[in-house]
Amino acid sequence: MARVYLFKGFERFWHWSQAALIIFMLLTGFEVHGTYSVFGFEKAVNFHTLAAWTLVGLWVFAIFWHLTTGEWRQYIPTTKKIMAVAQFYSSGIFKGEPHPFKPTPSHKHNPMQLLTYLGVLTLLSPLIWVTGWLYLFYADWAAWGLSGLQLQWVATGHTIGAFLMLAFLISHLYLATTGHTVTAHLKSMITGWEETEEDEPAGKRA
């Protein structure tokens, strides 16, 4: 095994803080929806709104950090090796085959991750945030010329976005267990160090 330092301190802080805020927003959001009662409707609404604004603030810092450090390049999508990675997750992983993608400091995410993140950033996030802000500023619709918009459709779109985010979270947690050990990827997001399999010398290959 080779140890590679992949995730800097701010990346780990940003990752865990964002995860905590999203999970908290899911919990309070589903309570607002009436799924269960923990905080009570009014407190759930206030907590949900506070978490949303906090997440916006976190994203402002994260965007600034990614732009100034050049780390934004980590999220440029690619289809290179995507079929090999897809085959690994669909069958190779169950046969004990090695992962076809090895992360490096300049390429931390495999092509399937990159395409997933692209979908989250361009489709899922806009759905959640646009409907969320419309929901929050419902009293201003008339002044914005949106009086013909139906609150029911906005609420439905926001709920669909929440379920899609929950599905992404569950799949993300599952994939986090698919390293060479169940906790390997989790440890890398705590310590910053990722253990990767070293390439076997050509002379030793069958």
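The values are calculated or read from the model by the stated rules, or taken from the named source; none is laboratory data. Computed from a prediction, not measured in an experiment: that's the story for all the values here. Cβ placement follows ideal geometry from the backbone for every residue including glycine, while neighbour counts extend to all protein chains displayed.
Some points to look at:
- Flag for Gly145 being at positive phi and surrounded by fewer than 16 Cβ atoms within 10 Å (Cβ to Cβ): yes
- Hits in the stretch 172-190 - residues which are of a type outside the set (Val, Ile, Thr), more than 18 Å from Met25 (Cβ to Cβ) and assigned to a helix (DSSP H, G or I): Tyr174, Leu175, Ala184, His185, Leu186, Lys187, Ser188, Met189
- Filtered residue count, the stretch 63-91, keeping only those that are among the β-branched types (Val, Ile, Thr) and outside any loop (DSSP other than H, G, I, E, B): 5
- Checklist (1) at pLDDT below 95; (2) exposed (fewer than 13 other Cβ atoms within 10 Å of the Cβ) applied to Leu175, failing item: (2)
- Just one residue in the set Phe94, Phe101, Phe13, Phe7 is assigned to a helix (DSSP H, G or I) and either within 22 Å of His180 (Cα to Cα) or in contact (Cβ under 8 Å) with a residue 24 or more places away in the chain (or both); that residue is Phe94.
- Tally, over the stretch 18-57, of residues that are touching a residue at least 12 places away in the same chain (Cβ under 8 Å) and more than 18 Å from Trp129 (Cβ to Cβ): 2
- The residues listed here are Leu127, Leu146, Leu164; of these, the one that is more than 16 Å from His48 (Cβ to Cβ), in a loop (DSSP other than H, G, I, E, B), in contact (Cβ under 8 Å) with a residue 12 or more places away in the chain and aliphatic (A, V, I, L, M) is Leu146.
For (1) of a type in the set (Phe, Trp, Tyr); (2) assigned to a helix (DSSP H, G or I); (3) within 22 Å of Ser171 (Cβ to Cβ); (4) modelled with pLDDT of 95 or more, each residue gets a yes or a no:
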| site | (1), (2), (3), (4) |
| --- | --- |
| Ala20 | no, yes, yes, yes |
| Phe24 | yes, yes, yes, yes |
| Leu27 | no, yes, yes, yes |
| Tyr36 | yes, no, no, no |
| Phe47 | yes, yes, no, yes |
| Thr54 | no, yes, no, yes |
| Gly57 | no, yes, no, yes |
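- Selection within the stretch 130-143 - without any contact (Cβ under 8 Å) to a residue 40 or more places away in the chain and either in a helix (DSSP H, G or I) or of a type in the set (A, V, I, L, M) (or both): Val130, Thr131, Trp133, Leu134, Tyr135, Tyr138, Ala139, Asp140, Ala142, Ala143
- Of all residues in the stretch 107-118, none satisfies being exposed (fewer than 15 other Cβ atoms within 10 Å of the Cβ) and touching an Asp or Glu at 6+ places or on another chain (Cβ under 9 Å).
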